[in-house]
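Quick notes on the structure that follows.
The values are calculated or read from the model by the stated rules, or taken from the named source; none is laboratory data. If you're wondering where the values come from, they're calculated on a predicted model, not measured in any experiment. So basically every Cβ, Gly included, is an ideal-geometry build from the backbone, and we count neighbours across all protein chains shown. Heavy atoms of the whole protein, side chains included, go into the accessibility calculation; ligands, DNA and RNA do not. Shrake-Rupley method; radii C 1.70, N 1.55, O 1.52, S 1.80 Å.
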Amino acid sequence: MTEPLVTLAIHTFEKAQILKTILESEGIEVCIHNVNLIQPVISAGVRVRIKESDLPHALRIIEDTEWLNMAGNKLPENAVKRILIPIDFSDLKACETGIHYAHRTGAEEVMFLHVYFNAYIPPSFPFVSEILIDKEEEKNASLDSVHTQAVEQMERWCASIEQKMASGELPRVKYDYTLLEGGPEEEIRQYAREYVPSLIVMGTRGSKQKDLDIIGSVTGEILELTNIPLLAVPAHVPFNNPYDMKRLAFALSFNRRDLIAFERFVALFKVYSHVEIQLFNISTSKNEWNEIRLGGYHAYLKKQYPDWAFDYTVLDEGDLLEALEQFVEKKQIDMIACSAYRRSVIMRIFYPSIARRMLFHSNTPLLVIPV
């Protein structure tokens, strides 16, 4: 039976030809329909059609082409798998989760990153000449002292991790650490651009302290700024090994980028195919098309990824976060995954993303996949 064709895009004849050339250079067969045979150059509404199985690959190519200047750094297909775990020495759950993930997926290295801030103000600084600064406090606040303290903390941290690996509490993986001075958000983002990890794993406090978390959360800022998948792990998650998950919920916005995000998710978690995927909608407005759309995504993904088990749920109408919490509890969801789109600074300030809102209102780990 011939595989059905799907319409990828509708363009003018000229643009359709350009797209056809790009896709065929990547090994995707393309058919162009509705061409005006008499005057093809002025044809409008030309359909670019491809095999259904090529759709995720084609969408990723289109996104990479259209958003090349915004994309920043995407992980090369043949890149070494590295896991970056930024820590403030209270992120034990996130650290253990990252180590288990690295071991299961065969990552070649785990990197612990700590960013410290030097708050030392020299006595010669204007307006502080009248402030009495104790000599011992001045010494402890110096740059060397702050750095030394960070080194000592990191060495104690690594010694604790080494002990857990030696006892079998954690699997043995190769790890290293880096210390940087500055603001955590900017330093973590810049280091990730240079290190190019396949996944960033960070901790959050969870819903019991959401009011404290929502202001100045480093994890929330990194989520908005990075183009690398980020796994946010609340401190009170009942497991520290992602392989213990049974159900993962994948959020759909009914955007073509959802398929790209899911393809990227499969690349990250392909060794976790025992996990049941619960598809759900992030719009809870009353819309009779939601269930139809979810059903369509469900059927498509089941066909494209036969090794995975899928189901889908239409969230109840009302507040998204309340509906999400009820859904997580009812379906016993162990992790939530969603895509995230890069937006301007103004948009981030006045319209917090769905992913960020979910991050601060849940004790469930959140996997955010930038597309």
**Report entry** One residue from Ala261, Ala267, Ala249, Ala232 being of a type in the set (A, V, I, L, M) and open to solvent by 10 Å² or more (accessible area, probe 1.4 Å)
**Finding:** Ala267
Report summary line: Taking region 323-341 and the residues there that are open to solvent by 70 Å² or more (accessible area, probe 1.4 Å) and in contact with a Ser or Thr (Cβ under 9 Å, 6 or more places away or on another chain), the one that is modelled with the lowest pLDDT would be Tyr341
Query raised in the report: Mind checking which residues of region 158-205 are surrounded by 15 or more Cβ atoms within 10 Å (Cβ to Cβ) and of a type in the set (Ser, Thr, Tyr)?
Result: Tyr175, Tyr177, Thr178, Tyr191, Tyr195, Ser198, Thr204
**Report entry** Count - residues of region 277-298 that are surrounded by fewer than 17 Cβ atoms within 10 Å (Cβ to Cβ), at pLDDT 85 or above and more than 13 Å from Leu259 (Cβ to Cβ)
**Finding:** 1
Report task. Search region 98-111 for residues that are on the phi > 0 side of the Ramachandran plot and pair each with any residue that is open to solvent by 10 Å² or more (accessible area, probe 1.4 Å) when their beta-carbon atoms are under 9 Å apart and the residues are at least 6 apart or on different chains. Result -> Gly106/Lys81; Gly106/Val271
Query raised in the report: Within the group Glu52, Glu29, Glu96, which residue is under 30 Å from Gly203 (Cβ atoms) and either in contact with a Phe, Trp or Tyr (Cβ under 7 Å, 6 or more places away or on another chain) or at pLDDT 80 or above (or both)?
Result: Glu96
Query raised in the report: Among the residues of region 39-49, is there at least one that is open to solvent by less than 70 Å² (accessible area, probe 1.4 Å) and modelled with pLDDT of 80 or more?
Result: yes
Query raised in the report: When only residues in region 99-136 that are aromatic (Phe, Trp, Tyr) and modelled with pLDDT of 95 or more count, which is surrounded by the most Cβ atoms within 10 Å (Cβ to Cβ)?
Result: Tyr101
